[in-house]
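Presented below is the structure to which this report refers.
Read-outs throughout are calculated quantities, based only on the coordinates presented, and are distinct from any laboratory measurement. Keep in mind the model is a prediction, meaning the values are calculated, not measured. Positions of Cβ are generated from backbone atoms using ideal geometry, with glycine treated the same way; all protein chains shown enter the neighbour counts.
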Amino acid sequence: MKSLTMLWMEIADESAIRCCTSATRDCKTVSRRFKYEGISFLTITLPSFGKDFERSLDQGSVDRSLFQGFSWRAGLPRFLGGFLDLVFDRSSGVLLDEPNEDAILAIRQLTLMFGKVHLECSQERIDGAFDGFIQCEQEVRIADARRTKADLASFRRMSSMLFADVLTEVDWKVFDRTLLPKHGPGATADGLRGNAKYLQREWTVRLEEYFPFGEYALPNSSFWDVLDDVNFLEPGQERPVRVVAVPKTLKTPRIIAIEPTAMQYAQQAVRNGIEEALSKDKFLSSVIGFDNQEPNQFLARKGSITRALATLDLKEASDRVSNQLVREMLIYHPHLQGAVDACRSRKADVPGHGVIRLAKFASMGSALTFPIEAMVFTTLIFMGIEEELGTPLDRETIQRFRGKVRVFGDDLIIPVDMVPSVVRKLEHFGALVNTSKSFWTGRFRESCGKEYYDGADISIVRVREMLPTQRTDAIAVNSLVSLRNQLYWAGYWRTCEKLDVHLQALLRHYPVIETSSAMLGRESVLGYPPDTPIGGRYQRPLVKGWVVTAKLPINKIEGEAALLKCLLILERKHRESKPEEVPQRAFSQSLLSSVSVDDSEHLERSGRPRVVNIKLVKGSPY
């Protein structure tokens, strides 16, 4: 198993056996086209075929506008024809009354599995993505100008009906200065990483009004002499977010904005306050999700069976949320509105375009993007529902949509009969519905990484990295072992046998393990062999195998920075253990005796590992 094409052919042959058809000609087609088109055939062309297949499932038939670049025989493409014949009628292209679910899964697996391999895009595509960022920004401004006073009044009324109590709670915490900040794990626009963030000496005048440096960035008043070294930036001097491209697919990169340390620190405080308040509301916690995708997946499956629920996906979701809408949503909560505005970056440095002023609320990269966009989208959904019903909603009526509306980032679930009005409302307010990934007509649904057809789980296993050729490529080796085990539990056992041969030669020590083991090994329904040697201090099964190791960079802090970090950790643990209590802003010394910091090296090493390795050890297979 030395190439992606060989992997494709193995899965194709095994899928053909399941479906009682043949993939011989399909394998020849993939081999020929890969030879002339290269890796883009696997990572771009095949995924486009897969998306067209999903669209055909949703609309109930195949038409000639789809599957561009592939030859046809009668009413279907020739490629994967043996599988397609089990799903659609060859002569008419119409969906069969009882399509073969194994064939549906096989087609999706064979066309979409390489769509998200981590590969660098060409510079031309990266530059195009930055141009798209600028174009999106212009479209946000156009949407802002298009809205009427009546539009904004309607948005204010609906958002207030939904979120008044939640926002009031957070508004009070801003006023009372009981929000708890924290530093995120990623990069920052000013180049601070890990523990170095606790040594920040750059703040903004806008932040100072709601997040005074002396209260939020210093452990106590004993260290206020540090304020003499802090550079307080006026609005015109503020550091812009740094817009960068990170790998997503070979077709297009993901565009994110790296925030300055001070902004990210304050954003985390507001985000925690909003998410905590939303989680306490029984209705809103059932509608908006932040860390659990299972409710979305459950409703997507339900929608595939009943056809009563639609799954919508939004393009460039975070980049299309207008700051104008956010200000309207928070207009009755002045302290929170001021705090959100204070920690929002107003400018962005875009490669090839220079520094621009932002009309969007924030790009992916801000800690507030996820909760704020969820609240905006929820408001627009219920505005669309209200328009469809033709009567103003009230709190009692809204409650009836529990279990019918769900928002997780840009994955939306709504009643099918509300789709036209909700889509109109979303797009009128600047969002853009991704029609290629939104489904409401047929029996196919997808949400939060799971796909269903008529209740059957047809989710696929994705390849994330190129296949490794040497053991030192730790990330690729770890990814391949994970891929092998995912394929095993998906039932591709013959393919796993071939992968096992490759991994055995690559690693030499490649034991059978339980799913809970930290070792790189092959999982099995039979578990590890009963004759596995017993040993060690605890007299338990021991095998030789590789484990992933990643040493955090040395990033030592001491003095007020170390004290601040420890107190923030202790305060966070205290609040998690007693969520009903709202502690005072000043940290309590008594906490030191009740909660301990787990990582003994956290003041010496921090940040994201720069190098990932694998190490041979003798350990437990479970």
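Here the relative contact order of the chain, from alpha carbon pairs under 8 Å that lie six or more residues apart, stands at 17 percent.
The gain in end-to-end length when the D228 to T168 segment is fully stretched comes to 18.1 nm, 0.36 nm per residue minus the alpha carbon separation. Per-residue extension of 0.36 nm, minus the Cα-Cα distance of Q68 and M6, leaves a gain of 19.9 nm for this segment.
Annotation: for a label point projected 7 angstrom from Cα along Cα→Cβ of V611, residues of region 508-550 with backbone N closer than 14 Å are 549-550. Counting every C-alpha pair in region 4-115, the share spaced more than 19 angstrom apart comes to 38%. Applying 1/(1 + (r/R0)^6) with r as the Cβ-Cβ distance of S22 and Q486 and R0 = 30 angstrom yields a FRET efficiency of 0.70. In region 164-286, the inverse of the mean reciprocal separation of distinct Cα atoms equals 16.3 Å; this is its Kirkwood hydrodynamic radius. Within straight-line reach of K197, meaning a Cα separation under 20 Å, sit the following lysines at least 8 residues removed in sequence or on another chain: K182, K551, K556, K565. Determine the distance separating the Cα centre of region 461-540 from the Cα centre of region 31-60; give it in Å without decimals. Region 461-540 and region 31-60 have Cα centres separated by 29 Å. The peptide list 96-108, 400-412, 532-544, put in order of mean Cβ contacts within 10 Å with the highest first, becomes 400-412, 96-108, 532-544. Computed per residue of the chain from DSSP H runs no shorter than four, each worth -39500 (n - 2.57), the mean residue ellipticity at 222 nm is -13500 deg cm²/dmol. Among beta bridges from DSSP that stay inside the chain, the antiparallel ones total about 80%.
What whole number of Å gives the distance from the Cα centroid of region 331-346 to the Cα centroid of region 146-179? Answer, in whole Å: 11. For region 426-470, what D do you get in µm² per second when you plug the Kirkwood radius from alpha-carbon pairs into Stokes-Einstein at 25 °C and 0.890 mPa s? In µm²/s, the coefficient is 182.
Amide H contacts for T204 (H built 1.01 Å from N in the peptide plane; partners 5 or more residues away or on another chain; cut-off under 5 Å): L233. Taking 7 Å steps out from each Cα toward its Cβ at S221 and K149 produces label points 4.8 nm apart. Computed on region 123-453, with alpha-carbon pairs under 8 angstrom and 6+ residues apart, the relative contact order is 26 percent. In this structure, the amide hydrogen of R605, modeled 1.01 Å from its nitrogen in the peptide plane, lies closer than 5 angstrom to those of N555, counting only residues at least 5 positions away or on a different chain.
Here region 55-75 is scanned for amide nitrogen atoms under 18 Å from the site 7 Å beyond the Cα of D97 along Cα-to-Cβ, giving 60-61.
Placing a pseudo-label 7 Å from each Cα along the Cα-to-Cβ vector at R32 and T397 gives an inter-label distance of 6.0 nm. Across region 385-396, computed HN-Hα scalar couplings (Karplus, 6.51 cos²θ - 1.76 cosθ + 1.60, θ = phi - 60°) run 4, 4, 5, 5, 6, x, 8, x, 7, 10, 4, 5 Hz from first to last residue, x flagging Gly and Pro.
Evaluated with a Cβ-only charge set (Lys, Arg +1; Asp, Glu -1), region 1-92 carries a dipole of roughly 400 debye about its Cα centre, given to the nearest 20. Give me the distance in nm between label points sitting 7 Å out from Cα along the Cα-to-Cβ direction at Y538 and D341, one decimal. Each label point lies 7 Å from its Cα, and together they span 5.6 nm. Length gained on full extension, K618 to V205, computed as 0.36 nm times the residue gap minus the Cα-Cα distance: 143.1 nm. Of all lysines in the structure, the ones whose alpha carbon falls short of 22 Å from that of K35, not counting any fewer than 8 places away in one chain, are K2, K116, K251.
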